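Structure first, then comments.
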């Protein structure tokens, strides 16, 4: 039996939650002890901040589980253009695209994903165990604050476990037996045993449910709903007009705002829908998804804010160029994202998404989309929709280099566009999407299709398309297989460079276009190798 060895670290990096300097009063060189942090409520805030910050590491949601390795595994990118330019490169991303997981350099990064993921879990466990029975009087907002921190820690633990499972174990649809990875729920636990996928995912659900219960105490109050009422409230702290409790929330510090960047009650419900669907629990997934789309907050004079229904792809995207487009991450559609204000520097994003290259022959690190090979902007029936779909017109760009000025063969995601203007660049790049309302709509549409209600399934899918400028309705298929092909085609456009497409293929056992053929991924392709040396 393989064993896993996990080291704890206390991440003292200050992220978005530490806007108030009074939260942090520790030794300057990061020598604070666990006991020091647990002496005050502010110390627990810092511990939670550390967990979130660790999740944004390059090996996790900063790069590799966002637009990096996991998107290469979905075959989104191509380096074919290099053959005609004299540029040569064989990066770990090309190796990941070819499923060459045992390449020595790629394997090093895969092992780091495992290690960093379990270190996030270890820190979440350390926080949970210390705060669980803590005196509420230590916290500025008493039991309410303690439970919120505890609930978010459970949710962080669940999310990290879930994505490690999606990477390092077979999907439930494969009906594989075997013990692949451990669910670590105590600290310290230096020798956790691997378990089977089904009980592993049941533990994910249990953690998310406990997180739901705890975060509901703040997020379902008038104050909590004010902070979650809209994308502007969740991500920019711009409360909507006349919200109940809005006057009270201004008296709280920033720790209780920015809920879109935190695992709040509504985000947890959305993630539960994702987990249930992955497990094959279609009815439970639909129930959670339906709840998300019906969440509302009340404002002045009976005004109602539908928290996750707004889907504004036109107003903020259709400016003349990327410098003028103020919402390249389309936050109106986001339910939960992680945050890193320094992502441009921390992840060296210009090497992947810069507008130009000084290098002769171009930049071999460009994440150029395989638009011709994957044909994602043609409908399943072969209708070219590039000149309609906003996701092509406004969320892709060609670098200013001659090799890319040859039609529409190669473009790069503008979601990570590195503007020359530091303010525009920071606002665009600091948001790391984790789950969108579009996914919740896909879950509901797929449920209807699985139950034979293709009219409603296509109504949802065609509404998504129309919001993105494609007003021609898809012809209604009368088979689940036909609907899933249409849904996958839309997801291929929606999730460009966001780290979700590979998981969709894996969950469904879908066929993937590889070269001139379409086929299902085999076990050596859909599952990353577990580290041989699991000493962490």
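The values are calculated or read from the model by the stated rules, or taken from the named source; none is laboratory data. From a predicted model like this one, the values you see are computed outputs, not experimental measurements. Ideal geometry is used to build each Cβ from the backbone, glycine not excepted, and the neighbour counts take in all protein chains shown.
When the test is whether a residue is touching a strand residue (DSSP E or B) at 6+ places or on another chain (Cβ under 6 Å), at pLDDT 95 or above and on the phi < 0 side of the Ramachandran plot, residue 265 does not pass it. Does residue 261 satisfy the criteria of being over 23 Å from residue 140 (Cα atoms) and touching a helix residue (DSSP H, G or I) at 6+ places or on another chain (Cβ under 7 Å)? No: the conditions fail for residue 261. Taken as a whole, the structure places residue 58 among residues that are surrounded by fewer than 22 Cβ atoms within 10 Å (Cβ to Cβ) and modelled with pLDDT of 95 or more. With respect to (1) modelled with pLDDT of 90 or more; (2) over 30 Å from residue 460 (Cα atoms); (3) over 24 Å from the mean Cα position of the chain (by Cα), the lone exception for residue 358 is condition (1). Selection over region 392-420 of residues that are assigned to a helix (DSSP H, G or I), modelled with pLDDT of 80 or more and surrounded by fewer than 19 Cβ atoms within 10 Å (Cβ to Cβ) gives a count of 1.
Looking at the structure I just gave you, is residue 37 touching a helix residue (DSSP H, G or I) at 6+ places or on another chain (Cβ under 6 Å) and modelled with pLDDT of 95 or more?
Working: touching a helix residue (DSSP H, G or I) at 6+ places or on another chain (Cβ under 6 Å): yes; modelled with pLDDT of 95 or more: no.
The answer is no for residue 37.
Take residue 217 and decide whether it is more than 21 Å from residue 183 (Cβ to Cβ) and out of contact with any strand residue (DSSP E or B) (no Cβ under 9 Å at 6 or more places or on another chain). In short, yes. Whether a residue is closer than 23 Å to residue 282 by Cβ and in contact (Cβ under 8 Å) with a residue 12 or more places away in the chain was assessed, and residue 200 passes this test.
When 42, 133 are screened for being in a loop (DSSP other than H, G, I, E, B), surrounded by fewer than 22 Cβ atoms within 10 Å (Cβ to Cβ) and modelled with pLDDT under 95, only 133 passes.
The set of residues in region 172-187 being surrounded by 14 or more Cβ atoms within 10 Å (Cβ to Cβ) and either modelled with pLDDT under 95 or not in a helix (DSSP H, G or I) (or both) consists of 176, 179, 180, 181, 182, 183, 184, 185, 187.
Reported count of residues in region 341-355, each being at pLDDT below 90 and either surrounded by fewer than 15 Cβ atoms within 10 Å (Cβ to Cβ) or more than 25 Å from residue 56 (Cβ to Cβ) (or both), is 1.
With the structure loaded, tell me whether residue 152 is at negative phi and surrounded by fewer than 18 Cβ atoms within 10 Å (Cβ to Cβ) or whether it fails that test. For residue 152, the condition - at negative phi and surrounded by fewer than 18 Cβ atoms within 10 Å (Cβ to Cβ) - is not met.
If only one of 227, 273 is crowded, with 24+ Cβ neighbours inside 10 Å, touching a helix residue (DSSP H, G or I) at 6+ places or on another chain (Cβ under 9 Å) and at pLDDT below 95, which one is it?
Working: 273 fails: at pLDDT below 95.
Matching residue, one of 227, 273: 227.
In this structure, is residue 298 surrounded by fewer than 18 Cβ atoms within 10 Å (Cβ to Cβ), touching a strand residue (DSSP E or B) at 6+ places or on another chain (Cβ under 9 Å), over 18 Å from residue 162 (Cβ atoms) and at pLDDT 95 or above?
no
Going by the structure shown, is residue 18 at pLDDT 90 or above and either surrounded by fewer than 22 Cβ atoms within 10 Å (Cβ to Cβ) or farther than 28 Å from residue 429 by Cα (or both)? When the stated conditions are applied, residue 18 does not pass them.
Among residues of region 204-224 being under 20 Å from the mean Cα position of the chain (by Cα) and over 22 Å from residue 298 (Cα atoms), the one that is surrounded by the fewest Cβ atoms within 10 Å (Cβ to Cβ) is 209. Scanning region 505-521 for residues that are under 21 Å from residue 113 (Cβ atoms) and either free of Cβ contacts under 8 Å to residues at least 24 places away in the same chain or over 22 Å from the mean Cα position of the chain (by Cα) (or both) yields one hit, 521.
When restricted to residues that are at negative phi, in a loop (DSSP other than H, G, I, E, B) and at pLDDT 85 or above, region 61-92 contains 12.
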